[in-house]
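The values are calculated or read from the model by the stated rules, or taken from the named source; none is laboratory data. As the structure is a computational prediction, the values presented were derived from the model and not from experiment. Here the Cβ positions follow ideal geometry from the backbone for every residue, glycine too, while neighbour counts run over all protein chains shown.
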Amino acid sequence: MNNKDLANLIFPNINKTIMDYENIYPKRNLPEGSIVTRYAPSPTGFIHIGALLASFIASSFSKQTNGVVILRIEDTDTKRTMDNGIEIIINGLREYGVIFDEGPISENEEIGSYGPYIQSNRKEIYHAFVKYLLEEGKAYPCFCSEEELETTRNMQTQARERIGYYGKWAKCRNNSIEESYNRIKNNEPFVIRFKSPGDFNKIITYTDVIKGNIEMPENDLDIVIMKSDGLPTYHFAHLVDDHLMRTTHVIRADEWVPSVPIHIQLFEAFNFEKPYFCHISPLLKNDEGSIRKLSKRKDPECAMSFYHELGVPNESVLLYLATIANSDFEEWYLKNKDKNISDFTFTFDKIGKSGALFDIEKLKNISKEFISTLKANDLYDRVSDYLLKYDNEFYQIFTKDKDYSIKILNIQREVEKPRKDLTHYGGVKNEYIYMYDELYDKLEKHYIYPYITDKEEVKCILKVYIDKYYDQNDNQEDWFNKIKDLSQEFGYAREVKDFKNNQSMYKGHVGDVSTILRIALTSRDKTIDLYSIMQLLGKNRIEDRYNKIIDE
Ligand code: GLU
């Protein structure tokens, strides 16, 4: 009896050899330097912002080198799989421009000739590779029960030895072929373990494309490569898939760095060329002074739904992620605001070696910049789409008079220095609430007038302004001159500098008076351009609002 007999007993129906698979999935015919990479999520139906970052980096590198980016669904951990999980990932990433060349395009269709791309559909392939290792004597069945493994761990703890299945602790490693054969024939449950050739006392060095040289002890653990349900573990599936899909660069989270010695050994066991490993550090958060990983459980900003609900443009999120991805991106973008992210060439050496702090304030600033570059029409469409989904009441009001809303959005927009007051679409309502009577009338208003504190004086100013000075037909210059006339009539300086030079002569200056006009109209001391607000509201509405205050 030999290894082949054992392998045939375990996999009687696996007829294809690993050589057959070499031919089915030949080397890709791509130009020198093309990057073939993949994004390999579990279909949990949740997109973590760090996952968007990783998939965005993967797709950027492949696109800019005319390579291939693959979506591979890692569903061998069946507990983590959720219905529609695949479509949620595909659609969720597509919105951000992350589009895959190969992989599933829905729950049951896929594109590309290196598939199947869903791991649970690749069982036969994995089995051929496990079978090969068994035949070579590089893997063996292990019959240890959970209890036995637990006992070993306890003994190791007591003896102050390293925990794990290795060396003398690897009980089934030296089982004879006959014993294994008979136990399998007797239907004893088993897993398959890799027979590690490593020595923990030796150091290996590998060069991570992002992190540089990393030294680690060799792996000597006989890791499980096939579970008792016949599915491979992550380590083994990674080897088979990344080899057969002809991945050149494994771009993944740095939680996998400690497993690299295992992966190197697995590639060597088959004599396969190793891919480049590129490990991305996690996004971090400053949690009241202590730095920790951004957590799906604790931090709402981890989920893409957080940005959707606020109405943060996808472009803003992506621009922010690009600044995290490459340290020189921001400088480039500030000089090239009219260009697309895809015009920038990302490089591995500009990816941070350690984690970047996720800074929501910075994201907001970037978003402000981005929204300020949008044309009013475009912004109107985006805001309407957003409101339709998230705020139906305001959607009705906002879209009732499209022209009017576009004019509001266009105040100080499409000019050389556009205003930067919006960080997200959801902010439109609060920012311009005073432009919509339906909302403004219902609002509980607090008029706090700085500088001019005498209520009666305020009322007089408003009355005289509306009766004598406001004319809808005035251009901005005439309009402002009239506010100066009004100021003068009430004893306020026409110019701020006159007031500063001779404070005892005046009650205040034109700025104080226009602040009164602004607050009485909007209940805010800071708004968009007052002239434009008045133009859009029109004399009747201004009069109504001022009269309400005058009559109080
Ligand atoms: N399914 C693995 C994960 O979600 C993928 C790691 C990899 O990209 O190889 O962590």
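Here are some notes:
- Residues satisfying the stated conditions in the stretch 143-166, i.e. basic (Lys, Arg) and in a helix (DSSP H, G or I): ARG153
- Residue match in the stretch 88-98 (condition: surrounded by 20 or more Cβ atoms within 10 Å (Cβ to Cβ), polar (S, T, N, Q) and within 29 Å of PHE358 (Cβ to Cβ)): no
- Test: ARG524 is assigned to a loop (DSSP other than H, G, I, E, B) and either more than 41 Å from the chain's Cα centre (by Cα) or not hydrophobic (A, V, I, L, M, F, W, C) (or both): yes
- Residues (away from the ligand (no atom under 11 Å from the Cβ), in contact with a Ser or Thr (Cβ under 7 Å, 6 or more places away or on another chain) and under 21 Å from GLU102 (Cβ atoms)) located in the stretch 228-247: PRO232
- Condition check for PHE61: assigned to a helix (DSSP H, G or I), within 30 Å of SER295 (Cβ to Cβ) and in contact (Cβ under 8 Å) with a residue 24 or more places away in the chain: yes
- Filter result (part of a loop (DSSP other than H, G, I, E, B) and either closer than 24 Å to ASP403 by Cα or in contact with a Gly (Cβ under 9 Å, 6 or more places away or on another chain) (or both)) within the stretch 493-521: TYR506, LYS507
- Only one entry in GLU309, GLU301 is more than 12 Å from the chain's Cα centre (by Cα), in a helix (DSSP H, G or I) and either more than 18 Å from LYS368 (Cα to Cα) or charged (D, E, K, R) (or both), namely GLU309.
- Subset of the stretch 340-376 (residues that are free of Cβ contacts under 8 Å to residues at least 60 places away in the same chain, more than 24 Å from ILE408 (Cβ to Cβ) and of a type in the set (S, T, N, Q)): ASN340, THR347
- Qualifying residue in the stretch 45-61 (condition: away from the ligand (no atom under 14 Å from the Cβ) and exposed (fewer than 14 other Cβ atoms within 10 Å of the Cβ)): no
- Scoring SER354 on the criteria (1) over 25 Å from LYS417 (Cα atoms); (2) touching a Pro at 6+ places or on another chain (Cβ under 7 Å) leaves a single failure, condition (2).
- Filter result for GLY33 (at positive phi, in a loop (DSSP other than H, G, I, E, B) and either in contact with a Phe, Trp or Tyr (Cβ under 6 Å, 6 or more places away or on another chain) or more than 13 Å from the ligand (Cβ to nearest atom) (or both)): yes
- For the stretch 65-75, the criterion of a residue being away from the ligand (no atom under 16 Å from the Cβ), surrounded by fewer than 15 Cβ atoms within 10 Å (Cβ to Cβ) and assigned to a loop (DSSP other than H, G, I, E, B) is satisfied by at least one position.
- Boolean, ALA269 is part of a helix (DSSP H, G or I), at pLDDT 95 or above and within 30 Å of GLU136 (Cβ to Cβ): yes
- The numbered conditions (1) at pLDDT below 95; (2) more than 16 Å from the chain's Cα centre (by Cα) are all true for PRO41 except (2).
- Elements of type helices (runs of 4 or more DSSP H) in the stretch 370-466, at least 3 residues being more than 30 Å from TYR333 (Cβ to Cβ): 392-400, 402-409, 437-440, 455-464
- Among the candidates LYS274, LYS202, the residue that is within 15 Å of the ligand (Cβ to nearest atom), surrounded by fewer than 17 Cβ atoms within 10 Å (Cβ to Cβ) and more than 24 Å from the chain's Cα centre (by Cα) is uniquely LYS274.
- Boolean, ILE18 is under 21 Å from VAL191 (Cβ atoms), in contact with a Lys or Arg (Cβ under 7 Å, 6 or more places away or on another chain), among the β-branched types (Val, Ile, Thr) and away from the ligand (no atom under 12 Å from the Cβ): no
- Only one of the listed residues (PRO258, PRO282) is in contact (Cβ under 8 Å) with a residue 24 or more places away in the chain, surrounded by fewer than 17 Cβ atoms within 10 Å (Cβ to Cβ), more than 30 Å from ASN23 (Cα to Cα) and within 15 Å of the ligand (Cβ to nearest atom). That residue is PRO258.
- The single condition among (1) in a loop (DSSP other than H, G, I, E, B); (2) closer than 19 Å to ILE184 by Cβ; (3) not small (Gly, Ala, Ser) that TYR114 does not meet is (2).
- Scanning the stretch 282-296 for residues that are hydroxyl-bearing (Ser, Thr, Tyr) and either outside any loop (DSSP other than H, G, I, E, B) or more than 14 Å from the chain's Cα centre (by Cα) (or both) yields a total of 1.
- Selected residue (only one of ILE163, ILE177 is β-branched (Val, Ile, Thr) and within 30 Å of GLU22 (Cβ to Cβ)): ILE177
- When the stretch 352-411 is filtered for residues that are closer than 30 Å to ILE280 by Cα, of a type in the set (A, V, I, L, M) and crowded, with 17+ Cβ neighbours inside 10 Å, the ones remaining, listed by number, are ALA356, LEU363, ILE366, ILE371.
- A single entry from GLU315, GLU288 fulfils the requirement of being away from the ligand (no atom under 16 Å from the Cβ), of a type in the set (Asp, Glu) and touching a residue at least 24 places away in the same chain (Cβ under 8 Å): GLU315.
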